[in-house]
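Contents: one structure, followed by commentary.
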Amino acid sequence: MYNQIDKLIHCLRAVLDTPTKLDLLREIRHFISPTHLARYDALVPYHKMAHPWMLSGVATMPRPRRQRIHILTTPQQTPKLKPRMISGNII
């Protein structure tokens, strides 16, 4: 099975011939079986990417950004704010 990974990387490197195109290898990595990721990572030229992601010489996946959850509230759920005084006028 490793032979197929080798062939895949060889073909992809022929097509992805610029550093920007090589960034696509990061996305293709999601389709590789977990049992073959070590071989994939060994063959992929991460250092030649336009936006390489290396940590201590070992390829690592970037951490996903935390998503903020916005809770939608209805007018009945919104807290009632006290009127504020600004220079004698109520807002």
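Where a number appears in this text, it was derived from the coordinates with a stated rule and is not lab data. Values in this document were obtained by computation on a predicted structure and should not be read as measured data. Glycine gets a Cβ as well: all are built from the backbone with ideal geometry, and neighbour counts include every protein chain shown.
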Simple label model, 7 Å out from Cα along Cβ direction - residue 11 to residue 51, nm: 2.7 nm
Cα-only Debye scattering, the stretch 2-59: base-10 log of I(q)/I(0) at q = 0.14, 0.18, 0.24, 0.30 Å⁻¹: -0.34, -0.57, -1.02, -1.43
Value of relative contact order over the stretch 2-59, rounded to a whole percent, pairs C-alpha under 8 Å and six or more apart: 40 percent
